[in-house]
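As structure tokens, the structure follows; a few thoughts come after it.
The values are calculated or read from the model by the stated rules, or taken from the named source; none is laboratory data. All values derive from a computational prediction rather than experimental measurement. Counting neighbours? That spans all protein chains shown, and the Cβs are built from the backbone with ideal geometry, glycine included.
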Amino acid sequence: MQNIPKISKILLLISVVSFTIWFGGYFARIVGLFQLFTSDTLEIQKSIFEGSNVILFKVLGPILSTGIISYLLFIIFFFGFFFSSKLNLKSEGWLFIVIVLVSFTMPFEMYLSYIDWEIVNLILEANFNNSLALQLVEKRFAVLGSFPIIEIFLYIVVIFLILLQPLKIKSNEN
């Protein structure tokens, strides 16, 4: 992977930076949103939302919008790196597995990002609807269940694959 063009290296750098921002924000978003639920039944704690509790959602707004933008940048620049580098997937087995994992999780994450986008738009409206925001948060967790936690573990595997680069065929150039 040493002989890749300079543009590919720049795309890789932007992809890694946007992945880091997205992954950190994703982890913060999951931890923050899980605090809204009871640990036993995973029902929303209604005591938190008595009255109009806009402040809680205003705090989550930047986390959600940063996650949406950084994920889109990660996907665009990651596949841009792959296509511009012209790496051989047969000799770079780790890259093949990374592409499969990213491609597999992408539609699900895009759907969750769409729900997050609806929450951000709701937060930015002048007349904030607390009950609709709660419904969207419940929908986010009800639709895909434990997928966000599984996705965190999958992307930890992606990080290890990128760092260790297993399944790499070494060329015999003497």
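Of all residues assigned to region 39-61, none qualifies as being surrounded by 14 or more Cβ atoms within 10 Å (Cβ to Cβ), assigned to a helix (DSSP H, G or I), among the charged types (D, E, K, R) and modelled with pLDDT of 75 or more. All conditions in (1) among the hydroxyl-bearing types (Ser, Thr, Tyr); (2) under 27 Å from residue 44 (Cα atoms); (3) touching a residue at least 24 places away in the same chain (Cβ under 8 Å) hold for residue 171, with the sole exception of (2). Restricting the search to region 120-156, which residues are in contact (Cβ under 8 Å) with a residue 24 or more places away in the chain, farther than 19 Å from residue 59 by Cβ and surrounded by 13 or more Cβ atoms within 10 Å (Cβ to Cβ)? Hits for region 120-156 are 139, 144, 147, 151, 152, 154, 155.
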